[in-house]
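Notes follow once the structure below has been shown.
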Amino acid sequence: MLDFLGDLKRTHMCGELRPSDAGKQAVLMGWVNRRRDLGQIIFVDLRDRTGVTQVVFNHELNAAVHEKAEALRNEFVIAAIGTVKRRDADTINPNIPTGEVELVVSELRILNVSKALPFLPSDTVLANEEMRLKYRYIDLRRDAMQFNIKLRHDVALAIRANLAAQGFFEIETPFMTRSTPEGARDYLVPSRVQPGMFYALPQSPQLFKQILMISGFDKYFQIVRCFRDEDLRADRQPEFTQIDLEMSYPQPERVWEVVESFLTAAFKAAGHEIKTPFARMDFDDAIRQYGIDKPDLRVPAFTDAKDCFGPADLEQLAINKDLPVIAIRIPKVGELSRKERDDIKPLFVSKGGARVFEDFKRIENKFPEAGAKVRVKSGAAPDDLIVLVVGSVQSGTDTHPASKRKVTPAELAIYASAGLLRVALAQKYADRHGIFKKTGDPAKDYRFLWVTNFPMFEYDEGEKRWMAAHHPFTSPHDEDMDKLESDPAMVRALAYDVVLNGTELGSGSIRIHRQDIQSRIFSALGMSLEEARSRFGFFLEALEYGTPPHGGIALGLDRIVMILAGAESLREVIPFPKTAAAKDLMMEAPTPVAAAQLRDLGIGIVKK
RNA sequence: GGGGACGUAGUUCAGUUGGUUAGAACGCUGCCCUGUCACGGCAGAGGCCGCGGGUUCGAGUCCCGUCGUCCCCGCCA
């Protein structure tokens, strides 16, 4: 028979009691985390979100309560009423904050029972993710998840307070909005009142926040859910939370100051001090040094190894002398066995004819002079791993529209292949180089970076047209404005990404605030005036009514918390995440719906 | 859309070269135990080896398909 809570009031949380509370009456409520039944004496670790306290049922002191406690099992919910007692010196548990005290129970109320659980919050080995997601409410009881979710709260709160102090207003924007065909796939919501018509869930509040600048709010922010119907990754969920902001009259540097300020506050809330201003790097340099636009600065950059080899060497190795010769260096990997070297090959994803020499020892044996030069130039210690990535001689001539760029598409393919391999190797050998940990502790070494001067357009080979690299509302550089029509490949965008330890935290830009320039961009993207009018007419019109210069950025809250938590997946910091197939295993969403619901919406089922 | 890994008691895993009755730990049930704290001891219950097909005298083990979970490429303005 279960007890009622009645008017019983909790006096302390389970992580609170200290020796200074000795002698006090206390009422604790929580879950039975563990039970140790020694016969005449029963110990229960009582748990709530703050921690555990040992509560004692002693037959000698209170036979009736002791007998009642014999029924307790894992995850029962109880109220324990008793006296706080300082523990004898030889029974202190130094492993828990409450280890110097215990609660000697005089009254026990069993508020609820629990069936045997599929896994226990107190388990030392983790259940697999499928289990954890199906029984998410149990998984969330675990210390680690309680910590992560509280961390998320602390970080979000610090950011809100900081942005408010910097003069930003938090303003809500609609979730039921308009589908915009460019960019990610939209999640659609059918309209019942307008049969055959659809709302879309926002991929970001982009146009609303620009409109808010036109409306005179000057500084806007929102911690807001965004939705993208694309395939998932460890760091990508279909719904995710952004710290979205926009401000009037900023240069890029002004936006960066705002971001650096709230990130400082967020990291401080998590107990970390970070240095500002962040480092800055041109997109072109990021590609040439790291092969990626979100470099992890903790791991050594590429070494340009071309001048280490003579022309004959390159020919003999069938290396394309017109393309980059890249040495990737991963510190302290040590001697690799033949099998370990073979394991490197599958990590390599070749783009545009890139080749890998995963066995640098062989190159050193064959070309000792060149090998020595590579070692010196890259600053390699004897136990560092070196892998070469090069272009194959077959790589054809470059007729791509972007071939005039500082980094040509053919070069980009080599850099990008090497960039992916560098990251894969750094992760594979994380245990050896120790620059970052594979799992567990959060990084202590936070290397922030602003990546700037992205190209305005990327060429889509499939559609044979230029696409906006950031989004079509991004302003080109003032001095590149005249190349919009004549030479779109060379136009740089006033866009910037903020990167932390190889993760893209956020992306932003100075926006176009003039209707004439916005129209030219749409036209450069191959969009006719009529098409632009039908998709963004309201926005083009708004630009004509006195739009101030404005710009902003959006950062992924989930990713920030993930890094602070030392987690490898967003699912560790999102209470109710989706699987890689975008399913909710607990709710079992999505589901079919009743035919009547579809009829109301005017939707027929199309069978594949 | 493509590639890879995994799937065996409630849970986490082991299972040899294809061979008789599929094991361990934790959890669960019962009994014992007054200072444990991942308590300890004794006894017990618990298995369509994801699902379907095939090879074989014989399949947890080999092959094909399928479903699920994870990772990566594409994709993510």
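Is region A:224-244 home to any residue that is touching a strand residue (DSSP E or B) at 6+ places or on another chain (Cβ under 9 Å) and more than 21 Å from A:Phe576 (Cβ to Cβ)?
Step one: filter region A:224-244 for residues touching a strand residue (DSSP E or B) at 6+ places or on another chain (Cβ under 9 Å), giving A:224-230, A:235, A:238-244.
Imposing the further condition that a residue be more than 21 Å from A:Phe576 (Cβ to Cβ) reduces the set to A:244.
Taking every residue of region A:224-244 in turn, at least one turns out to be touching a strand residue (DSSP E or B) at 6+ places or on another chain (Cβ under 9 Å) and more than 21 Å from A:Phe576 (Cβ to Cβ).
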Considering (1) surrounded by 15 or more Cβ atoms within 10 Å (Cβ to Cβ); (2) touching a residue at least 40 places away in the same chain (Cβ under 8 Å); (3) assigned to a helix (DSSP H, G or I), say which one A:Arg132 fails and leave the rest. (2)
So, restricting to helices (runs of 4 or more DSSP H) that lie completely within region A:525-606, which ones have at least 2 residues that are touching a helix residue (DSSP H, G or I) at 6+ places or on another chain (Cβ under 6 Å) and within 16 Å of RNA strand B (Cβ to nearest atom)? A:529-543, A:557-565
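A quick yes/no check of all residues on (1) within 15 Å of RNA strand B (Cβ to nearest atom); (2) part of a strand (DSSP E or B); (3) of a type in the set (D, E, K, R):
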position	(1), (2), (3)
A:Met13	no, no, no
A:Glu16	no, no, yes
A:Ala26	no, yes, no
A:Gly30	no, yes, no
A:Arg34	yes, yes, yes
A:Gly39	yes, no, no
A:Phe43	yes, yes, no
A:Arg47	yes, yes, yes
When A:Asn365 is run through (1) closer than 15 Å to A:Ile386 by Cα; (2) in contact (Cβ under 8 Å) with a residue 40 or more places away in the chain, the failure sits at (2)
Just the residues that are near RNA strand B (Cβ under 10 Å from one of its atoms), in a helix (DSSP H, G or I) and surrounded by 16 or more Cβ atoms within 10 Å (Cβ to Cβ), please, taken from region A:65-103. A:His66
What is the number of the single condition among (1) in contact with a helix residue (DSSP H, G or I) (Cβ under 9 Å, 6 or more places away or on another chain); (2) among the basic types (Lys, Arg); (3) more than 28 Å from A:Val299 (Cα to Cα); (4) touching a residue at least 24 places away in the same chain (Cβ under 8 Å) that A:Arg465 does not meet? (1)
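Right, A:His513: more than 16 Å from RNA strand B (Cβ to nearest atom), more than 24 Å from A:Ile560 (Cβ to Cβ) and buried (at least 17 other Cβ atoms within 10 Å of the Cβ) or not? Spell out how you get there, then give the answer.
Working: more than 16 Å from RNA strand B (Cβ to nearest atom): yes; more than 24 Å from A:Ile560 (Cβ to Cβ): yes; buried (at least 17 other Cβ atoms within 10 Å of the Cβ): yes.
Considered against the rule, which asks whether it is more than 16 Å from RNA strand B (Cβ to nearest atom), more than 24 Å from A:Ile560 (Cβ to Cβ) and buried (at least 17 other Cβ atoms within 10 Å of the Cβ), A:His513 comes out as yes.
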Working only within region A:449-463, note down all residues that are assigned to a loop (DSSP other than H, G, I, E, B), within 14 Å of A:Ala489 (Cβ to Cβ) and either within 7 Å of RNA strand B (Cβ to nearest atom) or among the charged types (D, E, K, R) (or both). A:Glu461
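Just so you know, all these numbers are worked out from the coordinates, no wet-lab data involved. It should be emphasised that the depicted structure is a prediction, and the values quoted were computed from it without experimental measurement. Positions of Cβ are backbone-derived with ideal geometry, glycine not excepted, and every protein chain shown enters the neighbour counts.
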